[in-house]
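Peer 1: The structure's right below; bear with me while I get my questions together.
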């Protein structure tokens, strides 16, 4: 159960933290249409986070619900991959981070939809349609900007170069992943990489972008070792429920 | 940035069997993006089953100054309305 709790947290925290990052663009995106589209994605992810964290609370059996897990844990207890806590940067940087994540998310949910644990399979299947749209949208925008003007191309390439090693963490498994893969609950982290490489490779070719060859990956987020960026994010995200416990509106 | 994107008119069909209705307009770089933006801007609350978009520039509109010649001649032709028939009760509401 401890493994499944950890894994549900990883999935929930990925969705929650990325959702919060996207929400930071609300009211600031470069075009009204993009503003609405991006916050739609953020809302999809918040919904998914609620399911995963709800499941995590159930698996833990300590009486914590999704809200308690989202708002009353410190950075060291978060299990999201480092990629999703990376600051937004410019809009191209945000879209690149989104695309790298979406393509992984699509594959991960497809594998989880076949999980031997029906609770995981159900939540994953529910999120698949949303994520199919996320990846379609972010891939199109990566191509549009990568194969766009000289300036947009330069920015997208810079974003890819800087985020590449963070994306790598999504495919580095630990004991939790290995044990859950053996039980058929979740895919082995490494197992998703070939499909991800193929899919991202096709999009980057269209976008005239070059993915770095290095397989070096920043690691630790999924085990609770985060960059300083997460603490600042949590300070904002958790402020209200921490300052006014049990506030309702 | 949006001033550099062309304007598109959006038509949404709410249910099967109904017509597409004009719901508004938005900016997008190309047709695919216009469809995606329309999905995000106009169908967030499950408003539609089908989306059409068309470049606003491609719509030919009647000119407001032609209103008189175009529409006023119909004013005096009440016989074009089917209001002079007695509808039998069996026909039900029309």
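The values are calculated or read from the model by the stated rules, or taken from the named source; none is laboratory data. Bear in mind that the values here come from a model prediction, so they are computed numbers and not experimental data. Cβ atoms come from the backbone with ideal geometry, glycine included; neighbour counts cover every protein chain shown.
Peer 1: Condition first: closer than 19 Å to residue A:75 by Cα, under 15 Å from the mean Cα position of the chain (by Cα) and part of a helix (DSSP H, G or I). Can you find one or more residues in the stretch A:39-48 that meet it?
Peer 2: yes
Peer 1: Take the stretch B:12-50 and flag every residue that is outside any loop (DSSP other than H, G, I, E, B), away from every other protein chain (no Cβ under 14 Å) and buried (at least 19 other Cβ atoms within 10 Å of the Cβ).
Peer 2: The answer is B:12, and nothing else.
Peer 1: Still on this structure, I have one more. What do you reckon, is residue A:59 surrounded by fewer than 21 Cβ atoms within 10 Å (Cβ to Cβ), under 30 Å from residue A:179 (Cβ atoms) and more than 12 Å from every other protein chain (Cβ to nearest Cβ)?
Peer 2: Working: surrounded by fewer than 21 Cβ atoms within 10 Å (Cβ to Cβ): yes; under 30 Å from residue A:179 (Cβ atoms): yes; more than 12 Å from every other protein chain (Cβ to nearest Cβ): yes.
Judged against the criteria, residue A:59 is a match.
Peer 1: Looking only at the stretch A:1-38, how many residues end up being closer than 28 Å to residue B:26 by Cβ and either within 14 Å of chain B (Cβ to nearest Cβ) or under 19 Å from the mean Cα position of the chain (by Cα) (or both)? Before the answer, list the steps.
Peer 2: At the first step, the residues of the stretch A:1-38 found to be closer than 28 Å to residue B:26 by Cβ are A:15, A:18-38.
Within this subset, residues satisfying the condition of being either within 14 Å of chain B (Cβ to nearest Cβ) or under 19 Å from the mean Cα position of the chain (by Cα) (or both) are A:15, A:18-26, A:28-38.
Here the count works out to 21.
Peer 1: Tally up the residues in the stretch A:200-215 that are under 13 Å from residue A:171 (Cβ atoms) and at pLDDT 95 or above, please. Talk me through it step by step, then tell me what you get.
Peer 2: Of the residues in the stretch A:200-215, the ones under 13 Å from residue A:171 (Cβ atoms) are A:200, A:215.
Then keep just the ones that are at pLDDT 95 or above; that gives A:200.
Going through the stretch A:200-215 one residue at a time, the tally reaches 1.
Peer 1: Turning to a different aspect of this structure: Only helices (runs of 4 or more DSSP H) wholly contained in the stretch A:82-185 count here; list those with 2 or more residues that are free of Cβ contacts under 8 Å to residues at least 12 places away in the same chain, over 22 Å from residue A:222 (Cβ atoms) and out of contact with any helix residue (DSSP H, G or I) (no Cβ under 8 Å at 6 or more places or on another chain).
Peer 2: Details: elements: A:82-85, A:91-112, A:118-146, A:150-167, A:175-182.
Answer list for the stretch A:82-185: A:118-146, A:150-167.
Peer 1: Would you confirm, using the coordinates I've provided, whether residue A:45 is crowded, with 18+ Cβ neighbours inside 10 Å and more than 15 Å from residue A:19 (Cβ to Cβ)? Let's see the steps before the verdict.
Peer 2: On the way: crowded, with 18+ Cβ neighbours inside 10 Å: yes; more than 15 Å from residue A:19 (Cβ to Cβ): no.
So residue A:45 does not fit the description; no.
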